[in-house]
Amino acid sequence: MIDFSLTAGDRRLIEATRLENETMRKHARYYDQHEDELEPAAFPEANELPDKMALMREIEDQTSGLIIAESLIDLEYADPRIRHSEHGLGDMIVRYAGTPEQLERFGHLVLAIALTEPGAGSDPMAITGSARYDEATGEWVLNGEKIYCSKFGQADGALVLLRGVAEGGHRPFLAFIVEKGIPGLVQLGQVKKMGIRNWDTEDFVLQDCRVPAINKVDADFRKTMVVFNGTRPKVAAIGLAIARTLLDFTRDKLKEAGLGVDYAAGRAKRSQLEDRLLRLEALHEATKLSILNCKWREQHEGTNTGATKVDAAIAKALGGGAARRITQECMEMLGPLGLSEEFLAEKWFRDARIFDIFEGAGEVNRLIVARWLLDYSSKELN
């Protein structure tokens with residue numbers, strides 16, 4: 001029998017996150033309107049509230065496990081975080097693929113991951129950025145443009161994925177650590193976005209950027225993609241948290257207008273509006289369980305198996321789609337009230353739109369699931 005109940009430790013973390021989220025909501029509109037201004041590593045309120053990540057590690061034995069517990073936190077947070085993570089996706093890859101010498105030299109760095117290029121958003125195989133080895137100097141020469149690089153503004157640099165010189169008709173994927181301040185790296189500033197404007201997202205260009213041989217990491221395309229098996233459900237959880245926040249706001253505003261939901265009433269006695277809210281709440285719960293199921297498998301099997309890859313794709317496809325549908329229907333039910341900047345409803349609506357696109361678009365994740373079901377390769381079904 002599967003038990004979906006939460007432990008006392010899980011509930012404690014959820015309550016701490018909800019309190020923190022409510023405290024930080026007052027900063028949400030400011031950073032939505034000042035997207036060029038990066039959030040601090042820690043807000044002043046951090047001195048008043050406990051570090052929930054430290055709390056999570058402290059009471060690990062009272063939770064359902066660290067991976068599931070972290071996902072429960074992500075499922076509750078819709079506004080600016082009181083503290084930012086000290087790690088990036090790039091340094092995660094360096095930690096599991098780097099040599100001892102690379103770990104000693106670069107292990108302290110916070111590194112973003114630079115994958116997306118113009119014309120190569122959801123299709124990494126279309127990457128055109130290049131890397132060639134200069135035998136005369138023992139350096140790699142990097143060229144290319146990287147866009148929508150999450151956390152690059154606050155990071156020390158990035159792990160950059162590029163194409164090498166053709167070998168037998170195939171240009172291999174190569175990964176390099178590129179630190180800020182190196183000649184040839186041109187930062188283009190924060191990206192102007194419709195939503196998640198407080199999300200650190202920067203573009204940059206590599207123009208004959210030279211890095212020493214030690215900066216090349218043994219992380220090809222497959223090894224690099226493994227990290228996304230863990231982050232896809234995480235991103236889905238964040239999108240679903242935003243959708244849930246708007247759903248709660250919508251229910252409360254309708255209740256204030258005398259249109260509250262009677263959960264005890266039968267279907268024949270419920271209004272069309274009540275049915276609509278109940279369907280959205282059911283969609284939220286079903287998607288939430290899919291994400292937690294994915295994290296449960298990750299906790300038991302890691303992220304480097306076919307099963308966790310497919311579960312991550314399912315969670316991301318469902319999470320992104322649910323976030324868009326829930327927020328869209330909530331805005332329809334709120335009417336003009338949802339468009340007022342007096343409230344954050346229109347911000348949450350804009351924020352949720354991206355979650356069906358980045359960290360693997362919904363269509364791409366559905367392809368991953370379809371290939372697994374039909375036993376097709378990426379060449380046979382693309």
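Being free of Cβ contacts under 8 Å to residues at least 40 places away in the same chain, touching a Phe, Trp or Tyr at 6+ places or on another chain (Cβ under 9 Å), closer than 19 Å to Thr116 by Cα and not in a strand (DSSP E or B) narrows it down to one residue among Arg197, Arg222; which is it?
Arg222
Please specify each residue of the stretch 63-75 satisfying the condition of being surrounded by 15 or more Cβ atoms within 10 Å (Cβ to Cβ) and either touching a Ser or Thr at 6+ places or on another chain (Cβ under 7 Å) or at negative phi (or both).
Thr63, Ser64, Ile67, Ile68, Ala69, Glu70, Ser71, Leu72, Ile73, Asp74, Leu75
Yes/no per residue for (1) open to solvent by 50 Å² or more (accessible area, probe 1.4 Å); (2) out of contact with any helix residue (DSSP H, G or I) (no Cβ under 6 Å at 6 or more places or on another chain); (3) over 24 Å from Gln33 (Cβ atoms); (4) assigned to a helix (DSSP H, G or I):
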| site | (1), (2), (3), (4) |
| --- | --- |
| Ile291 | no, no, yes, yes |
| Ala313 | no, no, yes, yes |
| Ala317 | no, no, yes, yes |
| Arg324 | yes, no, no, yes |
| Glu332 | yes, yes, yes, yes |
| Pro336 | yes, yes, no, yes |
| Phe358 | no, yes, no, no |
| Glu363 | yes, yes, yes, yes |
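Restricting to the stretch 263-282, count the residues that are in contact with a helix residue (DSSP H, G or I) (Cβ under 9 Å, 6 or more places away or on another chain) and open to solvent by 50 Å² or more (accessible area, probe 1.4 Å).
Final tally of qualifying residues: 4.
With respect to the numbered conditions (1) in contact with an Asp or Glu (Cβ under 6 Å, 6 or more places away or on another chain); (2) surrounded by fewer than 18 Cβ atoms within 10 Å (Cβ to Cβ); (3) within 30 Å of Arg366 (Cβ to Cβ), which one is the sole condition not fulfilled by Cys149?
Looking at each condition in turn, Cys149 falls short on (2).
Could you check the stretch 52-133 for helices (runs of 4 or more DSSP H) lying wholly inside it with 3 or more residues that are farther than 30 Å from Gly144 by Cα and not aromatic (Phe, Trp, Tyr)?
52-58, 66-74
So if I check each of Leu273, Leu247, Leu318, Leu278, which one is of a type outside the set (Asp, Glu) and within 27 Å of Met225 (Cα to Cα)?
Answer to the selection: Leu318.
On the phi > 0 side of the Ramachandran plot and touching a residue at least 40 places away in the same chain (Cβ under 8 Å): is that true of Gly90 in this structure?
no
The values are calculated or read from the model by the stated rules, or taken from the named source; none is laboratory data. Since the model is a prediction, treat every value here as computed from it, not as a measurement. Cβ coordinates were reconstructed from backbone atoms using ideal geometry, including for glycine residues, and neighbour counts include every protein chain displayed. Heads up: the accessible areas ignore ligands, DNA and RNA and are worked out on the full protein's heavy atoms, side chains in. Shrake-Rupley method; radii C 1.70, N 1.55, O 1.52, S 1.80 Å.
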